[in-house]
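Okay, so here's the structure we're looking at.
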Amino acid sequence: MAANPVVPGSARWSSRAAFVLAATGSAVGLGNLWRFPTEAGMNGGGAFVALYILCVLLIAAPLLLAETLIGRHGQRSTIGSAVHLARESGASPLWGSLAVVGLIANTLILTFYCVVAGWVMHFVISSGSDLIGALAGGNALAGAYADSSVAEIRQIMPALFSDPTMMVVWQAVFVALTVFIVARGVKGGIEVAAVWLMPTFFLLLLGITIYSSITGDFARAVNFLFAPDWSAAFQPGVINAALGQAFFSLSLGGGAMIAYGAYASRETKLGETSGIIAFADTGVAIIAGLAIFPIVFSVGLEPNAGPTLMFQTLPAAFHSMPGGAIVGFAFFVLALFAAITSSVSLLEISVAWVTERFKAPRTLAALVIGLFVFGVGLLSALSFNLLADQRPLPFIPGFENFGWFDAIDGITSKLMLPLSGLITAIFIGWFADKRLVNAETDLSGGVLKAWRFLIAFVCPLAVGAILVLGLFPQILA
Ligand code: TRP
């Protein structure tokens, strides 16, 4: 075997805290702020939340540890690390396919992630200029978009959607920002972004949640999120949605966490650290729910608005709240910060592989992949206007009616991420060298046994079953 390039010193986190912040930054993103409330709102609230937490505990958190340990052990790109561990275990290098599926899925996710992040930027600017107007008028406690009617506010998003040029410009700006940070390297770019943006993010989120609990209908939000109506849990699609969300939110599926694990030092205790990351991400999702739903309820809006919840319902809600102009702007800035620390992790996966495989300079790799991501992302961006009639996946059950955006989102988070997670669980649970794997976890005794049981039995069975059910929902019917 050729001497494999191992991650250079400049591509290593400077401390465990930096690793935790970067990995939490990858996990915490639009998945928590936009996708989680959307999914919870559309899938019955409490029942979805309960299933989601179960999925995180039993499936996603154990897989998070599996991924970080593949990376830390390999100290290479995601594909390099997976193949390395397979070889060392005397298993077929074909197990590296988990990372190949992951790399493709994650790069595809980045294509539409940048589109949604572009919408966020649009709202940062529009709510920011609105705030400046309110402050200039000496009215710091104005509601958001005070000069517009609620009907006009709800038009901001459709107006953006019907303006392909504007959408593509924002998408391009966000791709460029992501490329810039990744090109600056692991320590000089990704870590710096995480260390500055994540603490600011936490402070803003805390502030908004306090505001929301005081001014909004907090009791109803708590009830909505935590009082499960169990009949809703057995509706078709809810368990798939919960598992898909767990994968998406924890950045799982053969990519980001292997990549970031590769930059962790030998001293980092992976078992404990993965627990912290999973806990932080789930906490942020729930707190985001507690920030968003009280406001939505207090102005009599419905929680099941779908993907427009964050971009139509919320701005309209901030309209009638005192100080809504400030809080609305803060909310979109926070969402932008969360999106950036996630998008860099999505890009890093393929950049690390291209620099390793083709010895390409990092900047060049980031630029070329960035261009590709922008190009493919155009399909998603334009699926809201120019390409609205196209249905790319008529041959996959359940995907027939999806336009480009939903098709790429669906195929990655409902199929490819679980598939690569399934391969990861089988590989780590059954085929990878047990001694090597156990040593990397830094777990021992009962906790180690429990983790091995979850990875070897629970993850493959649950993920496999949910994958099959997702493809063939008629089995249950
Ligand atoms: N977890 C991020 C979020 O919640 C998105 C994300 C980053 C992601 N890296 C990923 C999703 C890798 C799937 C796979 O917004």
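The values are calculated or read from the model by the stated rules, or taken from the named source; none is laboratory data. Just so you know, these numbers come straight off a predicted model, no measurement behind them. Cβ: placed from backbone, ideal geometry, glycine included. Neighbour counts: every protein chain shown. Note: accessible area is taken over every heavy atom of the protein model, side chains too, but ligands, DNA and RNA are not part of it. Shrake-Rupley method; radii C 1.70, N 1.55, O 1.52, S 1.80 Å.
Calculated FRET efficiency, ILE276 to GLN155, Cβ-Cβ distance, R0 = 41 Å: about 0.45 to the nearest 0.05. So for the pair ILE132, VAL368, with labels modelled 7 Å out along Cα→Cβ, what separation do we get in nm? About 4.0 nm, to one decimal. Peptides 300-307, 254-261, 74-81 ranked from most to least packed, by the mean per-residue count of other Cβ atoms within 10 Å: 254-261, 74-81, 300-307.
Taking max minus min of the alpha-carbon positions on each principal axis, segment 350-477 gives extents of 58, 53, 19 Å, largest first. Take the Cα of LYS269, go 7 Å toward its beta carbon, and the backbone nitrogen atoms of segment 430-457 under 14 Å from that spot belong to 440-448.
The long axis of helix 78-88 is offset from the longest Cα principal axis of the chain by roughly 30 degrees.
I want to check the label-to-label distance for LYS449 and VAL6. Put each point 7 Å from Cα in the C-beta direction and report it in nm to one decimal. Output for this residue pair reads 3.4 nm. Overall dimensions of segment 228-370, expressed as equivalent-ellipsoid semi-axes from the Cα gyration tensor (√(5λ), whole Å, largest first), are 35, 21, 15. Compactness of the chain was expressed as the Cα radius of gyration divided by 2.2 N^0.38 Å, which yields 0.94. The C-alpha atoms of the chain define a longest principal axis, and helix 324-358 lies at about 20 degrees to it.
Applying 1/(1 + (r/R0)^6) with R0 = 22 Å to the Cβ-Cβ distance of ALA140 and MET166 gives a FRET efficiency near 0.15. The share of accessible area on segment 9-475 that comes from carbon and sulfur is 70 percent, using a 1.4 angstrom probe. The heavy atoms of TRP353 offer some 70 square angstrom of accessible surface to a 1.4 angstrom probe. Charged neighbours of ASN43, selected by a Cβ distance under 15 Å, balance to -1 (K, R count +1; D, E count -1). Rounded to 0.05, the FRET efficiency of the VAL458 and THR308 pair, given R0 = 35 Å and the Cβ-Cβ distance, is 0.50. Rounded to the nearest 20 debye, the dipole size of the chain about its Cα centre is 1340 debye, using +1 on the Cβ of Lys and Arg and -1 on the Cβ of Asp and Glu.
Within segment 371-421, the ratio Rg/Rh, alpha carbon atoms throughout and Rh by Kirkwood, equals 1.01. Remark on segment 1-82: hydrodynamic radius 15.3 angstrom, per the Kirkwood mean of 1/r across alpha carbon pairs.
Within the shell defined by Cβ-Cβ distances under 13 Å, the residues around PRO307 carry a net charge of -2, with Lys and Arg each +1 and Asp and Glu each -1.
Solvent exposure of the chain amounts to 37 Å² per residue of accessible area, where only protein heavy atoms count and the probe is 1.4 Å. Secondary-structure-derived ellipticity at 222 nm for the chain, considering helices only, amounts to -21500 deg cm²/dmol, per-run term -39500 (n - 2.57) for DSSP H runs with n ≥ 4. Packing, taken as the mean count of other beta carbons within 10 Å per residue, orders the peptides 144-154, 17-27 from highest to lowest as 17-27, 144-154. What base-10 log of the normalised intensity I(q)/I(0) is obtained for segment 148-307 from the Debye formula, alpha carbons as equal point scatterers, at q = 0.13, 0.20, 0.21 Å⁻¹? One equal scatterer on each Cα of segment 148-307 leads to -0.99, -1.42, -1.41. What does the charge add up to near TYR263, with Lys and Arg as +1, Asp and Glu as -1, over the other residues with Cβ less than 9 Å from its Cβ? With Lys, Arg at +1 and Asp, Glu at -1, the neighbours total +2.
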